[in-house]
Amino acid sequence: MVKLLRDNEFLDFIMDGDKLLVGGFGMSGTPLTLIDGLASSSKKELTIVSNNLGEVGKGLGKLLNKNILKKAIGSYFTTNRDAVKAWSEGKLEIELIPQGTLAEAVRCGGAGIGGFYTKTAVGTKLAEGKEEKVIDGERYILEKAIKGDVSLIKAYKADRLGNLVYDHTGRNFNPVMATASKIVIAEVDEIVETGTLLPTEIVTPHVYVDYIVMSKYVKKGGVFVETV
């Protein structure tokens, strides 16, 4: 049975300087309750691996405004102008990775694969300093796997073992990020009894999940609203 954490107990598992893999695409499938807990903490020098840094004052944007981030690794940071401003002022390191490359790098991290060759970004600034190889007459660059210290993910349902089901597009980066960190903490909307979930609807098996936190948010009219 997976352990259910209360309030901000999950913060005990996050250390200063940790690399966190955070699920979400835009605001969809983002662990907002866990992010709120982090934003209220004294953690510092964190590296975030995520598709983006939320929006201005929302999602991961809250961590940016609290100045607890050292670096962001992801694909699409222009949804949050604060992130661009922080980078231009030298307050935030940013490492850009093409979206598909990011997903595959995290998947490799969870699968025990050291890296992979891809044609994406060959000949651009993103390829500078990376190993290049010619395969069947085509140029490829080596992208290393991405692994984290802690993964913070968002699921729709969990059973008491920790098996996870995702809500539509909430199944974005969350499943791969659930495989690629030493500790995995899942924020969920609902916990059901073991045996309630159909085996065919379980996306992340419980063996990957260490802790569960109940979400404080509900979706109303397409907007996430805090309930407590």
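Placing +1 on each Lys and Arg Cβ and -1 on each Asp and Glu Cβ, with no other charges, gives the chain a dipole about its Cα centre of roughly 380 debye. Site pair K219 and E95 shows an inter-label distance of 3.1 nm when each label is modelled 7 Å from Cα along Cα→Cβ.
Please express the shape of region 120-228 as an equivalent ellipsoid: the semi-axes are the square roots of 5 times the eigenvalues of the C-alpha gyration tensor, given largest first in whole angstrom. Show your work: numbers first, answer last.
Numbers: eigenvalues 255, 57, 36 Å².
Result for region 120-228: semi-axes of 36, 17, 13 Å.
Within the shell of other residues whose beta carbon sits under 12 angstrom from the beta carbon of V106, the net charge comes to +2, with Lys and Arg scored +1 and Asp and Glu -1. Measuring gaps between exposed loop sites in the chain (GluC sites (Glu not before Pro); DSSP loop; at most 10 other Cβ atoms within 10 Å), the longest gap, sites not included, is 1-88.
What per residue convex hull volume, in Å³, comes out for the chain when only alpha-carbon positions are used?
Details: hull volume 30.3 nm³, N = 228.
Hull volume normalised by residue count: 133 Å³.
Largest GNM mean-square fluctuation across K130, K44, K216, computed for the chain with C-alpha springs under 10 Å, falls on K130. Taking the C-alpha atoms only, the angle from helix 99-111 to the longest principal axis of the chain is near 70 degrees. Note down the nm distance, to one decimal, between modelled labels 7 Å out along Cα→Cβ at S41 and at K133. That separation, rounded to one decimal, is 3.7 nm.
Extension gain for the segment W87 to E193, taken as residue separation times 0.36 nm less the Cα-Cα distance, is 33.6 nm to one decimal.
Pick from V188, V207, V150 the residue whose mean-square fluctuation is largest in a GNM of the chain, springs joining Cα atoms under 10 Å. Top of the fluctuation ranking is V207. Just so you know, the averaged projected area of the alpha carbon convex hull for region 103-170 sits at 6.9 nm².
If the Kirkwood radius is taken over C-alpha pairs of region 34-126, then at 10 °C and 1.306 mPa s the Stokes-Einstein diffusion coefficient equals 112 µm²/s.
Taking all protein chains together and rolling a 1.4 Å probe, H206 ends up with roughly 70 Å² accessible.
The values are calculated or read from the model by the stated rules, or taken from the named source; none is laboratory data. It should be emphasised that the depicted structure is a prediction, and the values quoted were computed from it without experimental measurement. Cβ: placed from backbone, ideal geometry, glycine included. Neighbour counts: every protein chain shown. The protein model used for the area step is the full one, side chains on, heavy atoms only, and it has no ligands, DNA or RNA in it. Shrake-Rupley method; radii C 1.70, N 1.55, O 1.52, S 1.80 Å.
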